[in-house]
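One structure is given below, encoded as C-alpha cells.
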Amino acid sequence: MPPARLMPPTPVLQTPRLVLRPVRSKDAPVIQRRFPHWEVVRWLDAKIPWPYPADGAATYVAACLEEMARGEKFHWAIIPKSGPADLIGIIDLWPDDGISRSQRGFWLDPEFQGKGLMTEAAERVTQYALCELGWPHLWLTNAQDNHPSRRIKEKQGARLVDLMIGEHVGGRGPQMVWQLSREDWLARRDHLKVAASAGLG
C-alpha cells in the first residue's frame with residue numbers, strides 16, 4: 001500500500017562512527033558480495049530469493065531506487081567512517097501502512113557484527129523517524145530466534161506487543177512484533193543522558 005503522503009528524499013544521516021547515505025546504483029556489486037550469507041539471510045522475509053541469484057543485488061537496488069523516487073521508502077547504505085569506503089549493510093524505513101506492523105529492516109555483513117554498529121544506525125534512523133518526521137511510533141519485527149535483532153529492539157525501549165508466525169528464508173517460525181513509541185524512546189534517551197552526565201553510563 002502506498003503511503004498516505006509522499007516522503008521527502010532520503011537524506012544523508014550521520015552517527016559518531018557511520019554515514020548513512022541513500023542507496024545508489026553502483027552499490028549493487030558490493031551488496032552482491034556482502035549480502036548472501038546464510039547467517040544474514042535466514043531470518044529475513046521469505047520473499048528474498050535463496051540461493052541468491054547472480055542478479056539479485058541489481059534487482060534489489062533497482063527496486064530501492066524506484067521506491068525512493070516514488071516517496072515510499074527510505075533506503076540507506078551503511079558506511080563506516082573508519083573504512084571501508086563501500087557499504088557494509090543496509091537499513092530501510094517506511095511509514096505505517098496500518099496493516100503490516102513493520103516499518104524498519106536492516107542487515108549487516110557478518111564481518112562487522114558484534115560492534116554495536118547496527119544499534120547505532122538504528123538509533124539514528126529512529127531519531128529521524130520519530131523526531132524529524134514526527135511519526136508517533138515505529139512497528140518493528142524480527143524472527144524470535146534472531147537474538148541480535150531482538151536485542152536492538154530491547155535496547156531502544158520497544159515494547160513486545162504480539163507473537164505471530166512469520167515466513168522467513170529459513171522457514172516458518174515465531175515472529176516478534178514490537179512497538180516503539182516516540183514517548184518511550186525520548187524518555188529512554190533522556191534517562192541515558194542523565195546517567196551519562198552523572199557518570200553512571
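Filter region 90-106 down to residues that are without any contact (Cβ under 8 Å) to a residue 40 or more places away in the chain and among the charged types (D, E, K, R) and give me whichever is farthest from Phe74 (Cα to Cα).
Among those residues, the one meeting the criterion is Arg104.
Name every residue in region 161-201 that is under 19 Å from Thr126 (Cα atoms) and in contact with a helix residue (DSSP H, G or I) (Cβ under 8 Å, 6 or more places away or on another chain), in order of residue number. Break it down into steps so the answer makes sense when it comes.
Pass one, region 161-201, residues under 19 Å from Thr126 (Cα atoms): 161, 176-193.
Selection gives Met176, Trp178, Leu180, Arg182, Trp185, Leu186, Arg188.
With the structure loaded, tell me whether Ile99 is under 18 Å from the mean Cα position of the chain (by Cα) and of a type in the set (A, V, I, L, M, F, W, C) or whether it fails that test. It would help to see each step written out before you state the result.
Working: under 18 Å from the mean Cα position of the chain (by Cα): no; of a type in the set (A, V, I, L, M, F, W, C): yes.
It is false that Ile99 is under 18 Å from the mean Cα position of the chain (by Cα) and of a type in the set (A, V, I, L, M, F, W, C).
So is Thr15 of a type in the set (S, T, N, Q), farther than 26 Å from Asn146 by Cα and under 15 Å from the mean Cα position of the chain (by Cα) or not? Explain how you work it out, then say what you get.
Working: of a type in the set (S, T, N, Q): yes; farther than 26 Å from Asn146 by Cα: no; under 15 Å from the mean Cα position of the chain (by Cα): yes.
Taking the combined requirement at face value, the residue does not satisfy it.
Spot the failing condition for Asn146; the list is (1) touching an Asp or Glu at 6+ places or on another chain (Cβ under 8 Å); (2) surrounded by 15 or more Cβ atoms within 10 Å (Cβ to Cβ), and only one is missed.
(1)
So is Gln113 open to solvent by 40 Å² or more (accessible area, probe 1.4 Å), within 15 Å of the chain's Cα centre (by Cα) and touching a residue at least 12 places away in the same chain (Cβ under 8 Å) or not?
Numbers: open to solvent by 40 Å² or more (accessible area, probe 1.4 Å): yes; within 15 Å of the chain's Cα centre (by Cα): yes; touching a residue at least 12 places away in the same chain (Cβ under 8 Å): yes.
Here the answer is yes, as Gln113 does meet what is asked.
Just to be sure, is Asp92 acidic (Asp, Glu) and either closer than 18 Å to Pro36 by Cα or in a strand (DSSP E or B) (or both)?
Values: acidic (Asp, Glu): yes; either closer than 18 Å to Pro36 by Cα or in a strand (DSSP E or B) (or both): yes.
It is true that Asp92 is acidic (Asp, Glu) and either closer than 18 Å to Pro36 by Cα or in a strand (DSSP E or B) (or both).
The values are calculated or read from the model by the stated rules, or taken from the named source; none is laboratory data. This is a predicted model, so every value here is computed, not measured. Using ideal geometry, Cβ is built from the backbone for each residue, glycine included, and neighbour counts are taken over all protein chains shown. When the accessible area is computed, the model is the full protein with side chains, heavy atoms only, and any ligands, DNA or RNA have been set aside. Shrake-Rupley method; radii C 1.70, N 1.55, O 1.52, S 1.80 Å.
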